[in-house]
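The values are calculated or read from the model by the stated rules, or taken from the named source; none is laboratory data. Values in this document were obtained by computation on a predicted structure and should not be read as measured data. Note that we place each Cβ from the backbone using ideal geometry, even for glycine, and neighbour counts take in every protein chain shown. SASA here: full protein model, heavy atoms, side chains in, ligands and nucleic acids out. Shrake-Rupley method; radii C 1.70, N 1.55, O 1.52, S 1.80 Å.
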Amino acid sequence: MLDLLIVGTGPAGVSAALTARARGLSFLWFGSRRLSDKVEKAERILNYPGLPRVTGRELRDAFLRQVDDLGIPIQQARVAAVYEMGGHYAVCAGPDFYEGRCLILATGVAARGQIPGENRLLGKGVSCCATCDGELYRGRNIAVVCESQSLEEDVRFLQSVAGHVELFCTYAGGLADTPGCHKGRPQAIEGDDRVTGVRWADATLPVEGVFCLRETVAPQALLSGLAMENGHIQVDRAQRTNLPGCFAAGDCTGRPYQYAKAVGEGNVAVHSALAFLAQPQEEPR
């Protein structure tokens, strides 16, 4: 069992990974070697201490050099779900599961909003993880909303297990150009206690499940039971969430969306994880 799992490679995730390495924790770090599109695309950053007028790409490259110099690997499989396992956490990334006693969420803020009805029916027919939940819909009619061509492998898997797939793509090329694919997102996901359909072009298409496949998964969809406020993860000054052993840092915890703030929170989150790990574990019953 690892000490720590870190999800996200923005400034908060970088800071958490560097601190975890410095403190000798066993950990895995999930994200992209590009680290952060938001950082990379910044024209100039004027308020990062010690690096006046640094460009976003220069800051990203400096982060990456430091990570590589310390030999910290980045697990580049997309994290689709996280599970609280009654005393530790399991991350579903690609086809595999990884377990750790503590978790730090440094996921940033999703740029795109949810489909009406998506959050209300999450876990009641709405899923963000093809690997985790696909088998539940074997032979059944589902809708799949794919927002990146890089996720088409998940679409093909769902097509192989479901009875029928209503496919919605928000990009051009790849599966978006196949016959029958709907161009865009559904207007709404419908149902009371369970998903019953998706609304498209003033009609309801009957389905039993909806898979929303995005590069970035909203925190409340990633981890069930996580307390949120105004679209952000609720944390205290020690970056603790409402779930024991789960911490959060960076833009996902709320404004200000500042790189320096995110780096500080990533550091604090690891020190809080260290305090949690120092507590005596309950003996299994």
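General remarks:
- Note on segment 180-231: residues that are under 30 Å from residue 38 (Cβ atoms), basic (Lys, Arg) and in a strand (DSSP E or B) amount to 1.
- Search result, residues across segment 29-88 that are among the β-branched types (Val, Ile, Thr) and free of Cβ contacts under 8 Å to residues at least 40 places away in the same chain: 54, 55
- Some residue of segment 195-217 being within 30 Å of residue 166 (Cβ to Cβ), in contact with a Phe, Trp or Tyr (Cβ under 7 Å, 6 or more places away or on another chain), of a type outside the set (Gly, Ala, Ser) and surrounded by fewer than 22 Cβ atoms within 10 Å (Cβ to Cβ): yes
- Filter pass, residue 1 being in contact with a His (Cβ under 7 Å, 6 or more places away or on another chain), surrounded by fewer than 16 Cβ atoms within 10 Å (Cβ to Cβ) and under 21 Å from residue 281 (Cβ atoms): yes
- Among the candidates 163, 180, 191, the residue that is surrounded by 13 or more Cβ atoms within 10 Å (Cβ to Cβ), more than 21 Å from the chain's Cα centre (by Cα) and of a type in the set (Gly, Ala, Ser) is uniquely 191.
- Within segment 98-113, the residues that satisfy the criterion of being surrounded by fewer than 15 Cβ atoms within 10 Å (Cβ to Cβ) and either within 10 Å of the chain's Cα centre (by Cα) or modelled with pLDDT under 95 (or both) are 111, 112, 113.
- Among the residues of segment 114-134, those that are open to solvent by less than 30 Å² (accessible area, probe 1.4 Å) and either farther than 30 Å from residue 272 by Cβ or at pLDDT 95 or above (or both) comprise 115, 117, 118, 121, 125, 126, 127, 130, 134.
- Enumeration of residues in segment 199-218 that are farther than 21 Å from residue 136 by Cβ, out of contact with any Gly (no Cβ under 9 Å at 6 or more places or on another chain) and not small (Gly, Ala, Ser): 202, 215
- Scope segment 67-96; condition of a type in the set (A, V, I, L, M, F, W, C), loosely packed, with under 15 Cβ neighbours inside 10 Å and closer than 17 Å to residue 224 by Cβ; matching residues: 85
Conditions (1) of a type in the set (Phe, Trp, Tyr); (2) in contact with a Ser or Thr (Cβ under 6 Å, 6 or more places away or on another chain); (3) farther than 30 Å from residue 278 by Cα, marked per residue:
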| residue | (1), (2), (3) |
| --- | --- |
| 3 | no, yes, no |
| 23 | no, no, no |
| 40 | no, no, yes |
| 43 | no, no, yes |
| 56 | no, no, yes |
| 87 | no, no, no |
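- Within segment 233-259, considering residues that are closer than 19 Å to residue 218 by Cβ and charged (D, E, K, R), the one least open to solvent (accessible area, probe 1.4 Å): 251
- Scanning segment 140-155 for residues that are of a type outside the set (Asp, Glu), farther than 19 Å from residue 191 by Cβ, out of contact with any helix residue (DSSP H, G or I) (no Cβ under 8 Å at 6 or more places or on another chain) and open to solvent by 40 Å² or more (accessible area, probe 1.4 Å) yields one hit, 150.
- Criterion applied to 24, 50 was being exposed (fewer than 15 other Cβ atoms within 10 Å of the Cβ), at pLDDT 95 or above and in a loop (DSSP other than H, G, I, E, B), and the one residue passing it is 24.
- Within the set 115, 72, the sole residue that is aliphatic (A, V, I, L, M) and within 25 Å of residue 199 (Cβ to Cβ) turns out to be 115.
- Cβ separations smaller than 7 Å between residues 6+ apart or across chains give the following pairs from segment 229-243 residues that are within 17 Å of residue 257 (Cα to Cα) to residues that are of a type in the set (Val, Ile, Thr): 232/253; 233/241; 233/253; 234/241; 235/241; 235/253; 239/268.
- Candidate set from segment 166-177 (those that are open to solvent by less than 20 Å² (accessible area, probe 1.4 Å) and part of a strand (DSSP E or B)); member that is farthest from residue 134 (Cα to Cα): 169
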